């Protein structure tokens, strides 16, 4: 959402329709609070992925990464189910969450 | 005349459905009414994750109220938990405070949710078309007085015919 609002084109389009998108600082503050709850390693991974892809966290559904549309191997899912770290797509490296 | 990326590539009526029409909203607060407007999409299994969509809509309100005045609120946003562009239309007789600039409570609601990317790119044009529809007082009055979805449909079809 922050990305959309800081893009001049999409911001302009929403404002042109009469919508208020002036509360960016509130969103940024909310983001800072959330960031403080995330460990440094994960946050650093997130920022690297974000600068590479724009969207660092994508859903996976039916074992498919909805970032690159490749299958997430069963072994990866099993390791994650057993209490592993963040689930990451082995193909594109994006962080995955289950829909 | 709308410019290139603001042209709606379907008829406005194609986005409306009787199953997504809530003529008598019960909620009394902004967050409650947003949740109530999501109910038809949850019931129909349209959303991949209710909490993600609700959180997104509440955060969108933090960015700036989607109450545009004259009793209209158009809560909207994009989410990966929404597979396809959806509209829910609702009415509240009592009105719900929506932090609109004119201070008036919202009585007509158009909830619009979309995926981050869509093939036809109808999200912003749809927002634009609905804003255009509700700017007209006669249309607002008809939406308020409609006693059935058919009457809502009729109005929207007239808007489609008039281009």
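Taken together, the values in this text are just the output of simple stated rules run on the coordinates, not laboratory data. All values derive from a computational prediction rather than experimental measurement. Because the Cβ atoms are built from the backbone with ideal geometry, glycine has one as well, and the counts that use them run over all protein chains shown.
Some points to look at:
- Rotationally averaged projected area of the stretch B:2-62 (alpha carbon convex hull; nm²): 6.0 nm²
- Distance between the C-alpha centres of the stretch B:11-28 and the stretch B:38-91: 12 Å, rounded to the whole angstrom.
- Residue-averaged 222 nm ellipticity for chain B, from DSSP H runs of 4+ at -39500 (n - 2.57), nearest 500: -12500 deg cm²/dmol
- Working note: Cα atoms of the protein assembly as shown, range along each principal axis, descending, whole Å: 59, 38, 35.
- Helix axis angle, A:24-35 relative to chain A longest principal axis, alpha carbon, degrees: 20 degrees
- Here the Gaussian network model covers chain B, with springs between Cα atoms less than 10 Å apart; of B:84, B:35, B:151, B:151 fluctuates the most.
- With viscosity 0.890 mPa s and temperature 25 °C, the Kirkwood radius over alpha carbon pairs of the stretch B:104-163 converts through Stokes-Einstein to a diffusion coefficient of 189 µm²/s.
- Built from the Cα atoms of the stretch B:49-163, the convex hull projects on average onto 7.7 nm², one quarter of its surface area.
- Average beta-carbon neighbours from other chains, 10 Å sphere, peptide A:10-17: 4
- Rounded D (µm²/s) - chain A, Kirkwood Rh over Cα pairs, Stokes-Einstein at 10 °C, 1.306 mPa s: 103 µm²/s
- Normalised by the number of residues in the stretch A:22-98, the mean separation of alpha-carbon contacts (under 8 Å, six or more apart) gives a relative contact order of 26 percent.
- Neighbour-count ranking [beta-carbon atoms within 10 angstrom, fewest first] of A:6, A:74, B:46: A:74, A:6, B:46
- Among beta bridges from DSSP that stay inside the protein assembly as shown, the antiparallel ones total about 55%.
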